[in-house]
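Since the structure comes first, as structure tokens, the remarks are kept for the end.
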Amino acid sequence: MEGSICIRVKARTSPGSDPQEARPPPVVKKRGLPRDERPRLRTLVRVGTLNIGTLTGKTREIADFMKRRTIRILCLQETRWKGCKAIEIGDGIKLFNHGVETKKNGVAIAVDTSLKDHISSVIRVSNRITSLRIATAKGFWTVVSVYAPQSGCTEMEKATFYEELDDVIRSVPKSDYLTIGGDFNGHVGQDRRGFERMHGGRGFGSRNQDGERIMEVAEAHDLTIKSTFFTKRESQKVTYSSGGRKSETDHVLVWRTALKTVENVKSIPGEEIAGQHRPVIADVWMLFRNKLNAK
């Protein structure tokens, strides 16, 4: 992709109305096959999310980590880089970052070489939300990286973040496949009462007020907190561990209608790339016109 869009999303308009956005790549009809029987290759794509703490001095580690764990898309939070950047970080991986001059917060999405040519647009919303759109055989896949305000932040900061996130989700066409990955700084817990459609009952710990906000967003947009639908060991649920304190604050959200397309969600203990934070991975079934290059 030659460029990206560096804007702040305010209006609730569909990305499909953006004149700069590319349409899905044209497909040449194969001789002897009706149009609706063109080959579509079902591919298991690994997506990850990680609070990296800072990108400075870690880009090579990120590239190595993605290659070793066969991650094709990685949502990153707390990058602490300023400005809009789209850079190669190694092994053909391209990183799209958005931050502010103060280097506070910052979010990014890293994409491996097999998907770079499928990127249709990048929309950088704020230093807490960024997204990109990928062309697939069935339309588009929107991936959003988010970094929610911590518990000590002001109520205004939290309200602003969730208003922006609400606008972003509303702007995604329902025909798009949607994946939201990030550090939500909230505990959704094990208890699913009141949110049975969004919560699978297999979370970690107890829900707090910020976790309640996450559930309300999921309910408003018919999304699921996908990790709560899988039975895992505690070590594969915990996403943050420090001084004996353990929590699950990093989550992957998808449309409720796409629940069965996600095969697995878990955190990965033992990775030293981000210290106290643990990466979370999700394996997602997607359709592409052509076979993705091997990593």
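Throughout, read-outs are computed from the coordinates displayed, never taken from laboratory work. Since this is a predicted model, take the numbers as computed values, not measurements. Quick reminder, even Gly has a Cβ in these numbers, built from the backbone with ideal geometry, and neighbours come from all protein chains shown.
Residues that are of a type in the set (Val, Ile, Thr) and buried (at least 17 other Cβ atoms within 10 Å of the Cβ) within region 40-60 comprise 43, 45, 47, 49, 52, 59, listed in sequence order. Can you say whether residue 109 is closer than 22 Å to residue 253 by Cβ and in a loop (DSSP other than H, G, I, E, B), as far as the supplied structure shows? No: the conditions fail for residue 109. Within region 226-252, residues that are touching a residue at least 40 places away in the same chain (Cβ under 8 Å) reach partners that are crowded, with 20+ Cβ neighbours inside 10 Å and part of a helix (DSSP H, G or I) with beta carbons closer than 6 Å, at six or more positions or on different chains, in the pairs 252/226.
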